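For reference, the structure is listed below as structure tokens.
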Amino acid sequence: MALLVSATASEGTQVPGANYVRRLRLQAQLEHLNAELLSQDSATSVLQALCDRRDPRAPKVQARRLPTPEDVAAANAARRQLGAAADAPIRRRRVHLVCGEALLSRADNWYLPARLTEDMNAGLESTDTPFGVVVRPLAFQRRTLSARRLFSPLPPGWETCDAGAFDHPVSIPDDVLEHRALLQTPDGRPFSLLVEIYTATVLAGSG
């Protein structure tokens, strides 16, 4: 979608429509990220590409592990969605995915250790390597269950409204996008249920 905005300004004055232009850019960034996540099997690879575009010298995306409180009800619900037996071992991995010190997303991941290798399970338990990197040898596929925007720079129907109606500063919330997805092997057998919350940091110029 092409977005054309015309504006004139003299030196030392604010460009008319600057806030509206910023809203358009944020909308485009959010839609692009959402489309990338929907089209790729690895969310980590999408975030790594974002990190690299901002700074080619940036470190690899890391998964900083968080405490995982026991939640029997959520564990049982995850087993059902993964098609596992009621007594099948299941583990939970909660992480912050970061590019350097920038928090890109928070991920809550329920997975079935019996469907992974010993090395994969060890890596998930003892390292800060992102889940998608650890299980990459499985050639997994991502099946999105839901994608929900938590932030809209422009309201529904904005295309038919006067641009001046949105030419005021935009307030960006801490979280902008939520995805729920299953990871499965090429034969369609799911092994991971995850919820990802993407922060405002994924939007360039959000600060």
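The values are calculated or read from the model by the stated rules, or taken from the named source; none is laboratory data. Everything numeric here is computed off the predicted structure, so don't read it as measured data. So basically every Cβ, Gly included, is an ideal-geometry build from the backbone, and we count neighbours across all protein chains shown.
Looking at Ile197, Ile172, which one is under 21 Å from the mean Cα position of the chain (by Cα), more than 17 Å from Leu66 (Cβ to Cβ) and among the aliphatic types (A, V, I, L, M)?
Numbers: Ile197 fails: more than 17 Å from Leu66 (Cβ to Cβ).
Only one candidate passes the filter, namely Ile172.
When the range 56-79 is examined, which residues are found to be surrounded by 11 or more Cβ atoms within 10 Å (Cβ to Cβ), of a type in the set (D, E, K, R) and without any contact (Cβ under 8 Å) to a residue 40 or more places away in the chain? Outline the logic, then answer.
Taking the range 56-79 first, the residues surrounded by 11 or more Cβ atoms within 10 Å (Cβ to Cβ) are 58-66, 68, 71, 74-79.
Restricting the remaining residues to those that are of a type in the set (D, E, K, R) gives 60, 64-65, 71, 79.
Those that are surrounded by 11 or more Cβ atoms within 10 Å (Cβ to Cβ), of a type in the set (D, E, K, R) and without any contact (Cβ under 8 Å) to a residue 40 or more places away in the chain: Lys60, Asp71, Arg79.
Taking Ala200, is it at pLDDT 95 or above and surrounded by fewer than 11 Cβ atoms within 10 Å (Cβ to Cβ)? Give the steps one after another, and end with the answer.
Numbers: at pLDDT 95 or above: yes; surrounded by fewer than 11 Cβ atoms within 10 Å (Cβ to Cβ): no.
So Ala200 does not fit the description; no.
Condition first: in a helix (DSSP H, G or I), surrounded by fewer than 17 Cβ atoms within 10 Å (Cβ to Cβ) and of a type outside the set (Asp, Glu). Now tell me which residues in the range 28-43 satisfy that.
Ala28, His32, Ala35, Leu38, Ser39
Go through the range 178-207 and count every residue that is touching a Lys or Arg at 6+ places or on another chain (Cβ under 6 Å) and either farther than 17 Å from Ile90 by Cβ or part of a loop (DSSP other than H, G, I, E, B) (or both).
Final tally of qualifying residues: 2.
Has the range 83-104 got any residue that is without any contact (Cβ under 8 Å) to a residue 40 or more places away in the chain, part of a helix (DSSP H, G or I) and either of a type outside the set (Val, Ile, Thr) or surrounded by 18 or more Cβ atoms within 10 Å (Cβ to Cβ) (or both)? Step through it out loud before you land on a result.
First pass over the range 83-104, keeping only residues without any contact (Cβ under 8 Å) to a residue 40 or more places away in the chain: 84-96, 98, 101.
The next check asks that each one be part of a helix (DSSP H, G or I); those that pass are none.
Checked against the condition, which is being without any contact (Cβ under 8 Å) to a residue 40 or more places away in the chain, part of a helix (DSSP H, G or I) and either of a type outside the set (Val, Ile, Thr) or surrounded by 18 or more Cβ atoms within 10 Å (Cβ to Cβ) (or both), the range 83-104 yields no hits at all.
Of all residues in the range 129-166, which are assigned to a loop (DSSP other than H, G, I, E, B) and either surrounded by 12 or more Cβ atoms within 10 Å (Cβ to Cβ) or under 15 Å from the mean Cα position of the chain (by Cα) (or both)?
We begin by selecting, within the range 129-166, every residue assigned to a loop (DSSP other than H, G, I, E, B); these are 129-130, 135, 139-140, 150-157, 161-162.
Listed by number, the residues that qualify are Thr129, Pro130, Val135, Phe140, Leu150, Phe151, Ser152, Pro153, Leu154.
Please specify each residue of the range 167-177 satisfying the condition of being outside any loop (DSSP other than H, G, I, E, B) and surrounded by fewer than 20 Cβ atoms within 10 Å (Cβ to Cβ). Give the derivation first.
The initial filter retains those residues of the range 167-177 that are outside any loop (DSSP other than H, G, I, E, B), namely 175-177.
Passing the criteria: only Asp175.
Is it the case that Asp41 is closer than 22 Å to Leu116 by Cβ and in contact with a Phe, Trp or Tyr (Cβ under 7 Å, 6 or more places away or on another chain)? So that I can check it myself, show each step before the final result.
Values: closer than 22 Å to Leu116 by Cβ: yes; in contact with a Phe, Trp or Tyr (Cβ under 7 Å, 6 or more places away or on another chain): yes.
Yes: the conditions hold for Asp41.
Could you please let me know if Gln81 is more than 13 Å from the chain's Cα centre (by Cα) and at pLDDT 95 or above? Lay out the reasoning, then the answer.
Values: more than 13 Å from the chain's Cα centre (by Cα): yes; at pLDDT 95 or above: yes.
Spelling it out, Gln81 is indeed more than 13 Å from the chain's Cα centre (by Cα) and at pLDDT 95 or above.
So in the range 40-76, with the set limited to residues that are in contact with a helix residue (DSSP H, G or I) (Cβ under 9 Å, 6 or more places away or on another chain) and of a type in the set (Ser, Thr, Tyr), which one is farthest from Asp167 (Cα to Cα)?
In this case the residue turns out to be Ser42.
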